[in-house]
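**Student:** The structure under discussion is supplied below as structure tokens; questions concerning it will follow.
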Amino acid sequence: IFIFDNTLPIPRASLTTHLKAFITSPKNYLFTLLNSSSTTVCPMPRAWDKDDKQVQASFIKYLSKSLPTVTPQGIGSVTLGIAGQGDLDILIPISGAVRARCETALTKLLGAPTHQNSYMTQWKTKYQGRPVDLDLILEDSPRYLEQNYLFSLLSSDPVLRREYEVVKYNSVGKNQRDYELTRILFVDKHLISQRLQSAPPRLGQLQLIS
């Protein structure tokens with residue numbers, strides 16, 4: 001377990017950290033360099049608030065009324081009960097056969113999606129004042145299998161949850177890129193390499209917990 005000390009200077013990621021992150025997950029490392037900011041500073045995480053979880057449950061219920069045949073899943077720090085940025089992270093796993101219908105329904109409900117690729121359509125919106133990240137995602141995609149596994153692992157292990165939370169606190173003041181490199185090492189080395197015999201295929205940047 002790491003210890004957070006806000007009196008210490010904030011170090012930049014070392015060359016050793018860069019090398020370890022690259023060796024651990026080359027795809028994630030390169031994606032992070034291309035897509036994360038070297039100037040945006042990580043803010044202090046918000047302490048977990050039960051009201052956020054109640055709002056998340058309300059949003060899931062709201063979604064289920066419009067899409068009764070799918071099962072939205074809450075993930076991220078709000079669901080895990082740890083400090084975070086307070087955004088509501090939602091996954092909706094689906095089969096490819098219903099993707100177009102679900103996209104149409106969600107667009108009517110939430111507006112145009114903010115991002116789309118071959119396996120996922122994403123909306124960033126707000127609900128009752130909370131930021132929402134919603135991913136409509138193919139249930140057989142490596143991204144979903146990875147996220148679902150890691151969330152299940154963190155849900156079942158309070159020691160890992162606490163360690164991840166303190167990693168987030170220790171990243172306060174660091175730039176976003178350095179935080180993402182630290183997160184690659186934590187997720188891949190501590191969660192996958194040591195605890196999963198056959199890791200799901202890696203695909204892009206891990207965005208499990210914000």
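**Student:** Being touching a helix residue (DSSP H, G or I) at 6+ places or on another chain (Cβ under 9 Å) and exposed (fewer than 14 other Cβ atoms within 10 Å of the Cβ) narrows it down to one residue among Gly129, Gly111; which is it?
**Tutor:** Gly129 is the lone residue from the list that is touching a helix residue (DSSP H, G or I) at 6+ places or on another chain (Cβ under 9 Å) and exposed (fewer than 14 other Cβ atoms within 10 Å of the Cβ).
**Student:** Limited to the range 34-75, what total is found for residues that are polar (S, T, N, Q) and at pLDDT 85 or above?
**Tutor:** Qualifying residue count, the range 34-75: 8.
**Student:** For a quick check of your reading of the model, give me the residue pairs whose first member lies in the range 148-163 and is on the phi < 0 side of the Ramachandran plot, whose second is open to solvent by 30 Å² or more (accessible area, probe 1.4 Å), with beta-carbon atoms closer than 6 Å and at least 6 apart or on different chains.
**Tutor:** Partner pairs satisfying both residue conditions: Leu154/Arg161; Glu163/Ile1.
**Student:** Going through the range 76-86 one residue at a time, which ones are at pLDDT below 90 and open to solvent by 10 Å² or more (accessible area, probe 1.4 Å)?
**Tutor:** Once the filter is applied, which keeps residues that are at pLDDT below 90 and open to solvent by 10 Å² or more (accessible area, probe 1.4 Å), the range 76-86 yields only Gln85.
**Student:** Criterion first (part of a loop (DSSP other than H, G, I, E, B), open to solvent by less than 50 Å² (accessible area, probe 1.4 Å) and modelled with pLDDT of 80 or more) does Gly204 satisfy it?
**Tutor:** When the stated conditions are applied, Gly204 does not pass them.
**Student:** Ile184 - would you say it is touching a residue at least 12 places away in the same chain (Cβ under 8 Å) and part of a strand (DSSP E or B)?
**Tutor:** no
**Student:** Another question about this same structure. Based on this model, can you work out whether Leu136 counts as in contact with a helix residue (DSSP H, G or I) (Cβ under 7 Å, 6 or more places away or on another chain), hydrophobic (A, V, I, L, M, F, W, C) and modelled with pLDDT of 95 or more?
**Tutor:** yes
**Student:** Follow-up. Filter the range 89-108 for residues that are within 21 Å of Glu146 (Cα to Cα), open to solvent by less than 50 Å² (accessible area, probe 1.4 Å) and out of contact with any Gly (no Cβ under 7 Å at 6 or more places or on another chain) and give the result.
**Tutor:** Leu91, Ile92, Pro93, Ile94, Ser95, Arg99 - these are the residues of the range 89-108 that are within 21 Å of Glu146 (Cα to Cα), open to solvent by less than 50 Å² (accessible area, probe 1.4 Å) and out of contact with any Gly (no Cβ under 7 Å at 6 or more places or on another chain).
**Student:** Can Asp157 be described as farther than 29 Å from Lys20 by Cβ and either at pLDDT 85 or above or open to solvent by 50 Å² or more (accessible area, probe 1.4 Å) (or both)?
**Tutor:** So Asp157 does not fit the description; no.
The values are calculated or read from the model by the stated rules, or taken from the named source; none is laboratory data. Computed from a predicted structure; not experimentally measured. Note that each Cβ is placed from the backbone with ideal geometry, even for glycine, and that neighbours are counted across all protein chains shown. Just the protein is used for accessible areas: all its heavy atoms, side chains included, with ligands, DNA and RNA removed. Shrake-Rupley method; radii C 1.70, N 1.55, O 1.52, S 1.80 Å.
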